[in-house]
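**Student:** Shown below is the structure under consideration.
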Amino acid sequence: MTLKRVMSILLGLIFAPLTQAADPVYTGWFSNLALDGYDPVAYFEEGAPVAGSADHRHEWNGATWQFASAANRDAFVADPMAYAPQYGGYCAWAVAEGKEAAGDPQHWRIVDGKLYVNYNADIQTRWEADIPGFIEKADRNWPTLLAE
């Protein structure tokens, strides 16, 4: 885990009670990069997290998205909802619990054609114990977290 990510998580934990609403896309405190700069299309095409490049960027939904190739960027631009992580890249388990927490692009899963990320390996394991139940709860909670 990078120092930037650790600082972002710590500051998020400290200041989370002060925030009014979740940003539509999780970017952390120190950048505007969605998914910590990982390519969202690569999860579907490569089956793995792949670092994006500043050479292939796109602004969408208040965040900067990076891609490993122009082809992946173009696929995202054509249909961002098909590739963007659910709940704006926040931790899927936390959203199910009615909270906001950083999603880590290394802890992910595609379920029914949708990308989900979680906070860490332990939380990913918890989430995997009842994926349908957690998705159902998170789907209910997400609009409220955005509006608060």
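**Student:** Where in region 1-116 are there strands (runs of 3 or more DSSP E), lying wholly inside it, with at least 3 residues that are surrounded by fewer than 20 Cβ atoms within 10 Å (Cβ to Cβ), at negative phi and at pLDDT 95 or above?
**Tutor:** Details: elements: 53-60, 63-67, 104-111.
Result: 53-60, 104-111.
**Student:** Could you list, in sequence order, all residues of region 95-126 that are over 26 Å from F67 (Cβ atoms) and of a type in the set (A, V, I, L, M, F, W, C)? Show your work before the answer.
**Tutor:** The first filter runs over region 95-126 and keeps only residues over 26 Å from F67 (Cβ atoms), leaving 96-99, 122-123, 125-126.
Matches in region 95-126: A96, I123.
**Student:** Just to be sure I understand, how many residues within region 24-38 are more than 13 Å from P105 (Cβ to Cβ) and either within 9 Å of the chain's Cα centre (by Cα) or aromatic (F, W, Y) (or both)?
**Tutor:** Summing the residues that are more than 13 Å from P105 (Cβ to Cβ) and either within 9 Å of the chain's Cα centre (by Cα) or aromatic (F, W, Y) (or both) in region 24-38 gives 2.
**Student:** Would a scan of region 130-144 turn up a residue that is crowded, with 22+ Cβ neighbours inside 10 Å and in contact (Cβ under 8 Å) with a residue 60 or more places away in the chain?
**Tutor:** no
The values are calculated or read from the model by the stated rules, or taken from the named source; none is laboratory data. On a predicted model such as this, the values are computed, not experimentally measured, just so you know. Reconstructed Cβ throughout: ideal geometry from the backbone, glycine too, with neighbour counts over all protein chains shown.
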